[in-house]
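What follows is a set of notes on a single structure, which appears directly below.
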Amino acid sequence: QVQLVESGGGLVQAGGSLRLSCAASERTVNFYSMGWFRQAPGKEREFVAAIVWGYSKYYADSVKGRFTISGDNAENTVTLQMDSLKPEDTAVYYCVIGSGPGVQPDAYDYWGQGTQVTVSS
C-alpha cells in the first residue's frame, strides 16, 4: 500500500498561516492527482484542494484565494500553504492520492493519517 505522511499542522490564531506537507512512499508522478481533504468534528469530510499532475489545480470555494497547493514530483511531496486562516478552517487535514478526477472522498484511493489544524478566534 502507498503510505502518505502529513506534517505541519498546529495551532494558530485567526489570520495566521500554516504550511502542510505530505510525503508519499512511492513516486507521486505515477498517480493522476494528489490533494487534501479535511474533516471537522460532526461534519463529513470535504474537499479542500487537489493538483492534477501536469494539468491544473483545484480548490474548494471556501479556500480559494487563501490556500495554495503545490507539488514536487522529484521529492514525492505535496504541500498546502494556508494563509488568512479562519476558525472554520479548524479540522483534521488528510493528504490523498487519486486515480481520477473528483471532489468526493471515494474518488481517492489512498489517505494519510491526518494532521490537526486548529485556528483560534
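The values are calculated or read from the model by the stated rules, or taken from the named source; none is laboratory data. These numbers were taken from a predicted model, which means no experiment stands behind them. Cβ placement follows ideal geometry from the backbone for every residue including glycine, while neighbour counts extend to all protein chains displayed. Note: areas computed on protein heavy atoms with side chains; ligands, DNA, RNA excluded. Shrake-Rupley method; radii C 1.70, N 1.55, O 1.52, S 1.80 Å.
Of the set (1) in a loop (DSSP other than H, G, I, E, B); (2) farther than 19 Å from Thr115 by Cβ, all apply to Tyr58 but (1).
When the range 15-43 is filtered for residues that are free of Cβ contacts under 8 Å to residues at least 60 places away in the same chain and charged (D, E, K, R), the ones remaining, listed by number, are Glu26, Arg27, Lys43. The condition of being over 18 Å from Val117 (Cα atoms), open to solvent by 40 Å² or more (accessible area, probe 1.4 Å), in contact (Cβ under 8 Å) with a residue 24 or more places away in the chain and more than 11 Å from the chain's Cα centre (by Cα) holds for Asn73.
Do we have Gly102 as open to solvent by less than 70 Å² (accessible area, probe 1.4 Å), more than 18 Å from Ala40 (Cα to Cα) and not in a strand (DSSP E or B) here?
Numbers: open to solvent by less than 70 Å² (accessible area, probe 1.4 Å): yes; more than 18 Å from Ala40 (Cα to Cα): yes; not in a strand (DSSP E or B): yes.
Criteria met by Gly102.
So for the range 58-77 (the condition being aliphatic (A, V, I, L, M), within 13 Å of Gly9 (Cβ to Cβ) and in contact with a strand residue (DSSP E or B) (Cβ under 8 Å, 6 or more places away or on another chain)), does at least one residue qualify? No, there is no match, as no residue in the range 58-77 is aliphatic (A, V, I, L, M), within 13 Å of Gly9 (Cβ to Cβ) and in contact with a strand residue (DSSP E or B) (Cβ under 8 Å, 6 or more places away or on another chain). Only a single criterion out of (1) modelled with pLDDT of 95 or more; (2) of a type outside the set (D, E, K, R); (3) closer than 22 Å to Asn30 by Cβ is not satisfied by Thr68, namely (3).
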